1. Starting with the highest mean, order 89-102, 166-179 by the number of other Cβ atoms within 10 Å, averaged over the residues of each peptide.
2. When the chain is fully extended, how far beyond the present Cα-Cα distance does D189 get from E69, taking 0.36 nm per residue of separation?
3. Using +1 at the C-beta of Lys and Arg and -1 at the C-beta of Asp and Glu, which of L274, V147, N116 has the Cα lying farthest in the positive direction of the dipole of the chain?
4. Mind jotting down a quarter of the surface of the convex hull over the alpha carbons of the chain, in square nanometres, one decimal?
5. What distance in nm separates the two pseudo spin-label positions at Q297 and A40, each 7 Å out from Cα along the beta-carbon direction?
6. Along the Cα-to-C-beta direction of H117, a point sits 7 Å from the Cα; which residues of the range 201-245 have their amide N less than 20 Å from that point?
7. Using the basic label-point model (7 angstrom from Cα toward the beta carbon), what is the D109 to T84 distance in nanometres?
8. For the chain, with the dipole built from +1 on Lys and Arg beta-carbon atoms and -1 on Asp and Glu ones, taken about the Cα centre, which of H104, L197, A250 lies farthest toward the positive end?
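Values in this text are rule-based calculations from the coordinates and carry no lab data. Predicted model only: the values in this text are computed from it and were never measured. Positions of Cβ are generated from backbone atoms using ideal geometry, with glycine treated the same way; all protein chains shown enter the neighbour counts.
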Amino acid sequence: MSKRPRHESEILLREVRGPEEPIEVLDLTTRTEARHELVALMDGPKAAIDLAQACLLITRDELDGDLDEDEEAASLEELDHLATRVRHTFSPGASSPERLAALHQVLFDDAGFCGNHEDYYAIDNALLPRVMATGMGLPLLLCVVYVEVARRVGIEAQPVAFPGHFLVRCELDDGFLVIDPFNGGRLLDRADCEELLEEITEGQHTFDEAMLEPATELEVLTRLYLNLRRSHLLAGDIVRALRAQDGVVALNPDSIPALRDRARLYARLGAHPLAALDLEHCLELGPRTGKLYQALQQEAAMARRKGRFQA
């Protein structure tokens, strides 16, 4: 495993692989400036939340603040440029279907935005500047691109947190359309959605039209951090996975699943006292009965024991 540069936001908690290969764990009492900006944005008026700007903050957070300012600015400029191209494609007074057709022509036919099927879990697929530069990314990021360009040309489009695969919902006078930007802007009817759900969840879920309700900004940004965590875990980088999971906790500070998952990553890195703190917080948040409470009690007790053993 290659050793990353030390940053001020990191401390050495414990050498869990021996003296020659220490594991560095993020000191979560010191978060990046981008993370603070993101939390402040989410605590403010919902109308002020710009998804593209929020995704750029997560990119900056993921890259430890090393995102080039020119690259960040270029992402927003490209969204504006795409919107300008769309507006030049339809005539004044164009109907919603005509605007949608122009949007699809520019995004998918001309600019070639599509899902990265060959290297789905690559980190760049979850970073907006890289998606804007390559035209490829995860469903979530391609939906953000679609929604942001649509907003700029007067189309009412919202992301949909469909299980395992973000989609876009476009409102029309007589209903709405469901669009899959990851697959070239394909339009989905109910049967298509049922088939997609069956494929993604392997039959574990039954389709419900509530799955096509618009996602909140919090849901979008939480899922983005979860995508980053998954990619880091698949790459075997537990430290970076922990950083991403801490982003989930920062956005959802009273979420038992978020805290429990962070505790488990702490435990994998040997940081059992910090795992115990998260699990004890979970116990304070939830009802003091039931199987979940008992499981959390057991996990917290084990983390405390291992922490005392380390000391």
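1. Values: 89-102: 14.2, 166-179: 17.3.
Taking the mean over residues of other Cβ atoms within 10 Å, the ranking is 166-179, 89-102.
2. Numbers: separation 120, 0.36 × 120 = 43.20 nm, distance 4.07 nm.
Gain on stretching D189 to E69: 39.1 nm.
3. Positive-most Cα among the choices belongs to L274.
4. Numbers: hull surface 73.4 nm².
Average of the hull's projected areas for the chain equals 18.3 nm².
5. According to this spin-label approximation, the distance is 4.3 nm.
6. Answer for this model: 201-202.
7. In this crude spin-label approximation the distance works out to 2.2 nm.
8. A250
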